[in-house]
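Inspection log for the structure reproduced underneath, given as structure tokens.
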Amino acid sequence: MLILGIESSCDDAAAAVIETVRPGEAVVRAGTVAGQNDIHAPYGGVVPELASRNHVIAILPVIERAMAIAGCGLGDLDAIAVTRGPGLVGSLLIGLMCAKGIAQATGMPMVGVNHIEGHLLAPLLEYRVDMPFLALVVSGGHTALFMVEDFGRYRRLGQTRDDAAGEAFDKVAKLMNLGYPGGKIIDQLAHRGNRKRVRIPRARVKGAPLDFSFSGVKTAVASFLKSEAAPATPPEDLAASFQEAVVDMLVGPTIAAARETGVDTIVLTGGVAANSRLRARLGEAAAAEGRRLIAPSIQYCTDNAAMIALAGSYRLMRGERDPLTIDAQANLPL
Ligand code: KG4
Ligand code: ZN
């Protein structure tokens with residue numbers, strides 16, 4: 001089955017064409033992304049109005065390019081999968097309207113996909129992963145632990161009580177005047193830094209060992225920057241110390257959840273899964289207990305449409321389709 005995936009939940013407009021044989025088994029024929037980092041960089045974060053306006057311009061060329069790379073026309077496609085939430089409603093609407101338009105014009109079946117489900121199933125684009133598995137989803141908008149029991153069966157074990165991990169990276173980068181998006185910049189800077197130079201307290205949520213909280217680390221960095229010690233501290237040391245705190249706070253609950261559930265496989269996914277220190281530390285911690293860590297390559301960790309097509313594929317293969325009346329939902333639950 002040849003499926004067109006469309007994703008526009010935040011500031012990336014993405015399209016992909018995947019070919020599936022069995023649920024969860026797919027070959028990515030093409031994947032394209034039109035990012036907007038340059039547009040939002042001056043503001044130090046995504047400006048929703050600008051994101052949706054630029055999606056209007058980007059979405060059709062992105063879809064056309066994916067289809068050209070895959071060497072297919074509309075008539076070759078069997079179905080469409082599109083993100084319907086969660087995300088910025090103005091952004092979601094652009095991809096969803098586009099998908100509905102194509103479905104209406106061609107009669108092709110269309111399904112709306114939960115963006116988080118896309119991140120949870122992204123590792124299947126590259127690896128054979130037996131279910132159940134434990135997944136840590138860490139992105140600019142989400143930080144949560146899920147048990148992936150089967151296609152369509154996901155159990156949330158823990159989540160952030162305040163900021164997402166990626167949001168903490170982006171806000172700290174902004175405080176340090178490093179640029180946007182901050183995660184990648186801090187990751188690179190931290191390579192040269194002393195992780196023990198600045199004391200950053202690790203937050204724990206009382207009575208909820210599988211939940212996360214990142215607003216405290218951001219505040220700790222803000223107070224440090226106002227302290228007398230700040231001018232003499234190289235930014236790479238502060239970046240490394242902050243990053244180590246975030247990594248500790250992600251690795252702890254993840255390993256606790258793996259012990260509690262007894263799973264063999266831990267999946268690391270979402271934009272922050274691109275972080276080199278997190279990949280290394282979680283990999284070591286998993287291996288120390290005889291568990292396997294699977295982290296998709298960076299292109300499938302960050303927002304992409306291949307994961308959306310894959311997450312829609314098992315329903316499409318069962319012959320399901322959504323009515324063209326489905327709405328974009330900013331807070332769509334999983
Ligand atoms: O999944 P994603 O592309 O979009 C959302 O759904 O949020 O994630 C983007 C987030 C941003 O906060 C960005 O700073 C973070 O992922 N990120 C990183 C790295 N690369 C991207 N955070 C830490 N280290 C990185 N190498
Ligand atoms: Zn995402």
Problem - Residue ID - farthest from T269 (Cα to Cα), chosen from residues in the range 120-140 that are within 15 Å of ligand 1 (Cβ to nearest atom) and outside any helix (DSSP H, G or I) - result: G140
Problem - Residue match in the range 262-271 (condition: part of a loop (DSSP other than H, G, I, E, B), more than 16 Å from ligand 2 (Cβ to nearest atom) and not hydrophobic (A, V, I, L, M, F, W, C)) - result: yes
Problem - Subset of the range 1-19 (residues that are at pLDDT 95 or above and surrounded by fewer than 24 Cβ atoms within 10 Å (Cβ to Cβ)) - result: M1, L2, E19
Exercise for the section: Mind listing just one residue for me: the one in the range 141-180 that is part of a loop (DSSP other than H, G, I, E, B) and within 14 Å of the chain's Cα centre (by Cα) and, of those, surrounded by the fewest Cβ atoms within 10 Å (Cβ to Cβ)? Expected result: G141
Handout entry: So V28, is it in a strand (DSSP E or B), at pLDDT 95 or above and surrounded by fewer than 24 Cβ atoms within 10 Å (Cβ to Cβ)
Key = yes
Practice task
Might you let me know whether the range 69-84 holds any residue that is within 14 Å of ligand 1 (Cβ to nearest atom), modelled with pLDDT under 95 and under 13 Å from S9 (Cα atoms)?
Solution key: no
Handout entry: Single match in E64, E49, E117 (criterion: farther than 29 Å from G166 by Cα, among the acidic types (D, E) and assigned to a helix (DSSP H, G or I))
Key = E64
Fill in the blank from the handout: G71 passes all but one of the listed conditions (1) surrounded by fewer than 23 Cβ atoms within 10 Å (Cβ to Cβ); (2) within 16 Å of ligand 2 (Cβ to nearest atom); the exception is number (2)
Fill in the blank from the handout: Of the residues in the range 272-305, those that are within 16 Å of ligand 2 (Cβ to nearest atom) and farther than 30 Å from V17 by Cβ number 1
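The values are calculated or read from the model by the stated rules, or taken from the named source; none is laboratory data. What you are looking at is a predicted structure, and each value in this text was computed from that prediction instead of being measured. Please note: Cβ atoms are built from the backbone with ideal geometry, for glycine as well, and neighbour counts cover all protein chains shown.
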